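Notes to accompany the following structure.
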Amino acid sequence: MTVRRMPISGLLALLVTCSLFTSKVSASQILEIKNQQFSPMKLTLPQNKKVKITLKNNDNLPAEFESTDLSREILVPGHSQVSIYVGPLDPGNYKFFNDFNQAATGLITVPSSAGAN
Amino acid sequence: MFATAIILFREVLEASLVIAIILGASRSVPGRIRWVSGGIALGVAGAALVAIFADRINSAFSGSGQALFNAIILLAAVTMLGWHNVWMSTHGKKMTTDIKNLGEKIQRGSEPPVALLVISFVAVMREGSEAVLFLWAIAAGGAHHIPMISGGLLGIAAGALSGFFLYRGLLRIPVKHFFTVTNFFILLLAAGLAAQAAGFLNQAGLVPSLGNEVWDTSRLLNQTSIAGQLLHILVGYTARPMGIQILFYLSTMLILLLLMRLARLSRKKA
């Protein structure tokens, strides 16, 4: 049965091709976790731009940045940092939380700007 | 203690339900318990390794290492589940009769039970690494964290128990419809995991989102609620899906259905 031989190389080629069409990162932001809280708790991001968010976890406990609104789910061990890419986003509010401590929440706001395409 | 129990419960739940479904679906494969247990044991070891190297995985591929890793693991699970289903389409009929005559020696099928091993391995490794990391951080905190650790263990037990109940429920399905139902379960499971993989590939910047939010049903059924999470695991429910996730979901389903149909036809010819 040929099903067994997953065309991995073909899949990778497809991914690479796709990546050429995804937009370049054009802004970056820093988000931190301190004492089981996000700081800042509200991030404002530009419309229709891909943004890199650097998340630093300053606590001992690991955290999992999760946003069902953005389909993002990233584990951040204690005292380390990760990069989270979001967007291009439409104007609106996007909630995120720490999946390991759901009391810790934050909000990403994308204001609508007439100037952006 | 309770908070830790819930966190660990949710981490374990996905792996536990996946294993319950494949254990049910492979009920006539000889030695399946051994293969699945082996997969779980390897998964726990793998989870510990992933937890130890979490920092290095994170920083790989300019910060998208973790998303890529998750996507690859999920796609591996999708491939194995698909393989299992296609194989079952050619042998399911015969196995149904085999179950009916339990006294008879079940003929050894040609499905290398390796698929069972790989599925349980990746299911446990992915979610398990988070559980290990979490428990490890608590344990490193010292003796006053003992209630938290026992809470965590309680959560793990509860997650495993849920899988057990699902497994028992599956076994109650009449033999006649058994493999049709489990194949359908696996089809939805595989499609849902493919959609999750699409989310991680987009997270890594490898595929476009094709629309960030094709629909929003988070008010109707929040994905973080218990019902929402169960549906997320079992059928891939996503409250605010990206276009690429829907594309992955539907194409996985379509491809698998097509392959299953082809396999069935080729059996008839043979």
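Rule-based calculations on the coordinates, nothing more; no lab input. The structure presented is a predicted model; accordingly, all values stated were derived computationally and were not measured. Methodologically, a virtual Cβ is constructed for each residue, glycine included, from the backbone with ideal geometry; neighbour enumeration extends over all protein chains shown.
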From the phi angles alone, apply the Karplus equation (6.51, -1.76, 1.60; θ = phi - 60°) to region B:159-172 and give each ³J(HN,Hα) in whole Hz, x where the residue is Gly or Pro.
x, 5, 5, 4, x, 4, 5, 4, 4, 4, x, 4, 5, 7
Residue span B:Thr180 to B:Leu230: 0.36 nm per residue of separation minus Cα-Cα distance leaves a gain in nm of 15.9 nm
Tally of Lys pairs whose C-alpha atoms are under 17 Å apart, taken over chain B, 8 or more apart or cross-chain
9
Compute the helix-to-body angle for B:226-235: its Cα long axis versus the longest principal axis of chain B, expressed 0 to 90° and rounded to tens.
40
Roughly what % antiparallel, to the nearest 5, for the DSSP beta bridges in region A:23-110?
70
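Around B:Val12, what is the net charge, scoring Lys/Arg as +1 and Asp/Glu as -1 over all other residues with Cβ under 13 Å from its Cβ?
-2
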What helix-only [θ] at 222 nm does the protein assembly as shown give? Using -39500 (n - 2.57) per DSSP H run of at least 4, over all residues, to the nearest 500, the answer is -20000 deg cm²/dmol
For the pair A:Ala103 and B:Leu49, the simple spin-label estimate (label points 7 Å beyond Cα toward Cβ) gives in nm 3.8
Report for the protein assembly as shown the percent antiparallel among DSSP-assigned beta bridges with both residues inside it, nearest 5.
70
Residues other than A:Ile30 with Cβ under 14 Å of its Cβ, Lys/Arg counted +1 and Asp/Glu -1, net out at +3
Sequence neighbours fewer than 8 away in the same chain don't count; with that in mind, list the aspartates and glutamates whose C-alpha is under 16 Å from A:Lys95.
A:Glu32, A:Glu64, A:Glu66, A:Asp69, A:Glu73, B:Glu213, B:Asp216
So how tilted is helix B:175-203 from the main axis of chain B? Cα-based, degrees 0 to 90, rounded to 10.
40
Helix B:32-52 vs. chain B, principal-axis angle (Cα, 0 to 90°, nearest 10)
20
Determine the relative contact order of chain B: mean sequence separation of Cα pairs under 8 Å and six or more apart, normalised by residue count, in whole percent.
32
